[in-house]
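Single-structure report; data block below.
The values are calculated or read from the model by the stated rules, or taken from the named source; none is laboratory data. Everything numeric in this text was worked out from a predicted model, so none of it was measured. Because the Cβ atoms are built from the backbone with ideal geometry, glycine has one as well, and the counts that use them run over all protein chains shown.
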Amino acid sequence: MRRPLIAGNWKLHKTCDEAVALVTALKKAVDGVDTCDILVAPVFTALVPVAAALKGSQIKLSAQNCYPETHGAYTGEVSPQLLKDAGCSAVIVGHSERRQLFGEDDAFINRKVKAVLDAGMKAILCVGETLEERDNGKILDVLTRQIKGGLAGLDAKALIQVVIAYEPVWAIGTGKTASNEEAQEVHSFLRGLLRGIYDQPTADNTRILYGGSVKPDNIDGLMAEDDIDGALVGGASLKAEDFARIVRFC
């Protein structure tokens, strides 16, 4: 039985004080929820104060990105080891904005996945197609390439610490959302892909999240689908009330 995961990606929002205020409100709003795992991903500068504010709660801390080296002459970068030291238990890798805006390819993302796992944290591997790729009928080819590239060199045992997040690029921040049926179809394809690469138990046990304009008014339908195991939430995670409603999906 896959335990649902609701993750909030705050992107480039919230000062340290604002971030602490948000998680303080969120802790109260989700108090008593034991039906899913909850995770938030603030900006780098807010990780330490947010970790302190979350102490003793069921909400876990994630980073939005990392650099796949432990230390060295990499000005401006942050290693998985430093993120773990800051209080993180997970790192988001391969987000579409990293792919689209910063040119990260599957090989580089694969290095990040391995580095996160080596540091003893969970990796949330994001995959998804652009509108052009979808319109040209390339969605399954794109997802196959991203999954195989992102997971290259990892065995089934390593997949225990990996979460897949399907985020159609055309649905991120646009207000558009894949229909429940469209999302389920892709999630089912991804699970079948994992079954082909690894085995049935690995496919059955790997959590696959949906991301792309997830809101309080569409979460219930998405979570009713068999292969959708949670959500990677963007804008709606910046308001405690909205995120709490998503966490409390029906």
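Out of the residues in the range 214-227 that are touching a strand residue (DSSP E or B) at 6+ places or on another chain (Cβ under 9 Å) and over 22 Å from ILE160 (Cβ atoms), state the one that is surrounded by the most Cβ atoms within 10 Å (Cβ to Cβ). Steps first, answer last, please.
Taking the range 214-227 first, the residues touching a strand residue (DSSP E or B) at 6+ places or on another chain (Cβ under 9 Å) are 214-215, 219, 222-223, 225, 227.
From what's left, over 22 Å from ILE160 (Cβ atoms): 214-215, 219, 222-223, 225.
Numbers: VAL214: 29, LYS215: 17, ILE219: 24, LEU222: 24, MET223: 20, GLU225: 16.
The qualifying residue surrounded by the most Cβ atoms within 10 Å (Cβ to Cβ) is VAL214.
Can you find a residue in the range 193-201 that is assigned to a loop (DSSP other than H, G, I, E, B) and surrounded by fewer than 18 Cβ atoms within 10 Å (Cβ to Cβ)? Steps first, answer last, please.
Residues of the range 193-201 that are assigned to a loop (DSSP other than H, G, I, E, B), as a first pass: 198-199.
Those left that are additionally surrounded by fewer than 18 Cβ atoms within 10 Å (Cβ to Cβ): 199.
Yes, the range 193-201 has at least one match.
I'd like to know if the range 203-212 contains one or more residues that are closer than 20 Å to LEU125 by Cβ, modelled with pLDDT under 95, surrounded by 17 or more Cβ atoms within 10 Å (Cβ to Cβ) and out of contact with any strand residue (DSSP E or B) (no Cβ under 7 Å at 6 or more places or on another chain).
Checking the range 203-212: at least one residue is closer than 20 Å to LEU125 by Cβ, modelled with pLDDT under 95, surrounded by 17 or more Cβ atoms within 10 Å (Cβ to Cβ) and out of contact with any strand residue (DSSP E or B) (no Cβ under 7 Å at 6 or more places or on another chain).
Quick check on VAL127: is it in contact (Cβ under 8 Å) with a residue 60 or more places away in the chain, in contact with a Lys or Arg (Cβ under 6 Å, 6 or more places away or on another chain) and surrounded by 21 or more Cβ atoms within 10 Å (Cβ to Cβ)? Let's see the steps before the verdict.
Numbers: in contact (Cβ under 8 Å) with a residue 60 or more places away in the chain: yes; in contact with a Lys or Arg (Cβ under 6 Å, 6 or more places away or on another chain): no; surrounded by 21 or more Cβ atoms within 10 Å (Cβ to Cβ): yes.
No; evaluated as a whole, the condition is false for this residue.
Taking the condition within 23 Å of LEU238 (Cα to Cα), touching a helix residue (DSSP H, G or I) at 6+ places or on another chain (Cβ under 9 Å), in a loop (DSSP other than H, G, I, E, B) and of a type in the set (Val, Ile, Thr), does VAL40 pass?
On the way: within 23 Å of LEU238 (Cα to Cα): yes; touching a helix residue (DSSP H, G or I) at 6+ places or on another chain (Cβ under 9 Å): yes; in a loop (DSSP other than H, G, I, E, B): no; of a type in the set (Val, Ile, Thr): yes.
Considered against the rule, which asks whether it is within 23 Å of LEU238 (Cα to Cα), touching a helix residue (DSSP H, G or I) at 6+ places or on another chain (Cβ under 9 Å), in a loop (DSSP other than H, G, I, E, B) and of a type in the set (Val, Ile, Thr), VAL40 comes out as no.
Taking the options GLU129, GLU133, GLU167, name whichever one is over 25 Å from CYS36 (Cβ atoms) and within 19 Å of the chain's Cα centre (by Cα). Write out each step before concluding.
Details: GLU133 fails: within 19 Å of the chain's Cα centre (by Cα); GLU167 fails: over 25 Å from CYS36 (Cβ atoms).
GLU129 is the lone residue from the list that is over 25 Å from CYS36 (Cβ atoms) and within 19 Å of the chain's Cα centre (by Cα).
Give just the number: which of (1) buried (at least 18 other Cβ atoms within 10 Å of the Cβ); (2) modelled with pLDDT under 95 does ASP135 not satisfy?
(1)
Which of the residues that make up the range 182-203 are without any contact (Cβ under 8 Å) to a residue 40 or more places away in the chain and either among the acidic types (Asp, Glu) or within 23 Å of VAL40 (Cα to Cα) (or both)?
Within the range 182-203, GLU182, GLU185 meet the criteria.
Out of curiosity, is ALA119 more than 16 Å from GLY150 (Cβ to Cβ) and at pLDDT 95 or above?
yes
So which of SER89, SER79 ends up being closer than 19 Å to THR206 by Cβ and at pLDDT 95 or above? Let's see the steps before the verdict.
Working: SER79 fails: closer than 19 Å to THR206 by Cβ.
Exactly one residue qualifies, and that residue is SER89.
Just one of the numbered conditions (1) surrounded by fewer than 19 Cβ atoms within 10 Å (Cβ to Cβ); (2) in contact with a helix residue (DSSP H, G or I) (Cβ under 8 Å, 6 or more places away or on another chain); (3) under 26 Å from VAL127 (Cα atoms) is not true of PRO49; which one?
(3)
Restricting attention to the range 144-162, which residues are buried (at least 17 other Cβ atoms within 10 Å of the Cβ) and either modelled with pLDDT under 95 or within 18 Å of GLY230 (Cβ to Cβ) (or both)?
ILE147, LEU159, VAL162
Checking ASP227 against (1) at pLDDT 95 or above; (2) touching a Lys or Arg at 6+ places or on another chain (Cβ under 8 Å); (3) under 30 Å from THR24 (Cα atoms); (4) not in a helix (DSSP H, G or I), which single condition isn't satisfied?
(3)
Report yes if ALA46 is among the small types (Gly, Ala, Ser), in contact with a Lys or Arg (Cβ under 8 Å, 6 or more places away or on another chain) and either farther than 27 Å from LEU193 by Cα or in a helix (DSSP H, G or I) (or both), otherwise no.
Taking the combined requirement at face value, the residue satisfies it.
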